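The values are calculated or read from the model by the stated rules, or taken from the named source; none is laboratory data. Keep in mind that this is a model prediction, so the values were computed, not measured. Note that each Cβ is placed from the backbone with ideal geometry, even for glycine, and that neighbours are counted across all protein chains shown. Calculation scope for accessible area: heavy atoms of the full protein, side chains included, ligands and nucleic acids excluded. Shrake-Rupley method; radii C 1.70, N 1.55, O 1.52, S 1.80 Å.
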There are 2 protein chains.
Amino acid sequence: MNAQFKKGVLDLCVLAQLAKGDKYGYELTETISQEMTVATGTLYLLLRRLNEEGYFETYLVETPGGPARKYYRLTPKGLAYTQSLKDEWITFIDQVNRLIR
Amino acid sequence: MNAQFKKGVLDLCVLAQLAKGDKYGYELTETISQEMTVATGTLYLLLRRLNEEGYFETYLVETPGGPARKYYRLTPKGLAYTQSLKDEWITFIDQVNRLIR
DNA sequence: ACTATCTATGTTGTTTTACAATATACTATT
DNA sequence: AATAGTATATTGTAAAACAACATAGATAGT
C-alpha cells in the first residue's frame with residue numbers, strides 16, 4: 001500500500017487532469033478548486049516536486065494580457081505513474097470501505 | 001471540506017471500528033492491518049490524540065496472560081464525530097472521482 | 001535455564017505534505 | 001489612483017504517519 005495516499009490524493013488529481021491534456025498552474029488551481037479547497041501555494045509546490053521527479057515537461061506560452069503561462073506536459077513516466085496511482089486509489093477506497101461499513 | 005481527510009483517513013477507520021463496539025489498541029492494530037499497512041506506534045499516537053479531544057473513554061481489563069488491555073469506548077461526541085467524518089469521506093470520494101475520471 | 005515469540009502499550013525523532021501568508025508583475029476596470 | 005483578476009512562486013508552520021526503540025508479562029521450544 002502507498003503511504004502517500006493517506007495525504008497525497010492531490011497528486012493524483014493533478015496528474016489525472018494532465019492526462020487529459022496539457023495545463024498551466026493557475027488553470028489546475030481553478031479546476032481543482034471546483035471540487036475541493038486548495039491553497040494556490042500548495043499546487044505550485046506540488047507541481048515543482050512532481051516536476052523534479054521527472055513526471056512533467058514544461059513550456060512557456062506568452063499571453064497578450066498578463067504574465068506567461070507555464071504549461072505542464074506528462075512524460076511517459078508521468079503517465080505510467082498516473083495510472084498506477086489511480087489503481088492504488090481504487091484499491092484504497094475498497095480497503096477503507098471494508099473498515100468503516 | 002475537511003483538510004484532514006487528505007491525510008486523516010486512519011482516524012475514520014479507527015472511529016468506525018469503535019462504533020461497532022469497544023476495542024483495545026492492539027486489537028485495532030490487528031484489524032486495520034488486515035486492510036492496510038500501519039505502524040503500531042501510529043495507532044497509539046492517534047488514539048492518544050483522539051482521547052485528548054474527548055472522543056473516547058478508556059478502561060483497563062486484566063488478562064490472565066500478558067499485560068492489561070486498555071479498551072476505548074466512544075463518547076456521544078465521538079459517535080457524532082464518526083458519523084460526520086463518514087459523511088465527509090463519501091463526499092470526498094465523489095469529488096476526487098470527478099477530477100480523475 | 002536460556003531464547004524467541006506473542007501479546008500489549010507507549011515514546012522519540014524524522015519526513016512528508018498541506019496551509020497561511022506573502023511577494024512579484026502585468027492588465028483591465030472603476 | 002485604486003482595486004480586481006490573471007499568473008507564478010517562496011517561506012515558515014502545523015499535522016500526521018513512519019521507523020525505531022523501549023518496556024513487560026506469558027508461553028513455547030531447545
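Can we say A:Val9 is within 8 Å of DNA strand C (Cβ to nearest atom) and of a type in the set (Val, Ile, Thr)?
yes
When the stretch A:50-66 is examined, which residues are found to be within 12 Å of DNA strand C (Cβ to nearest atom) and under 19 Å from A:Gln83 (Cβ atoms)?
A:Leu50, A:Glu53
Please count how many residues of the stretch A:74-101 are within 9 Å of chain B (Cβ to nearest Cβ), open to solvent by 30 Å² or more (accessible area, probe 1.4 Å) and under 16 Å from the mean Cα position of the chain (by Cα).
Here the count works out to 1.
Might you let me know whether the stretch A:11-30 holds any residue that is touching a helix residue (DSSP H, G or I) at 6+ places or on another chain (Cβ under 9 Å) and among the hydroxyl-bearing types (Ser, Thr, Tyr)?
Yes, the stretch A:11-30 has at least one match.
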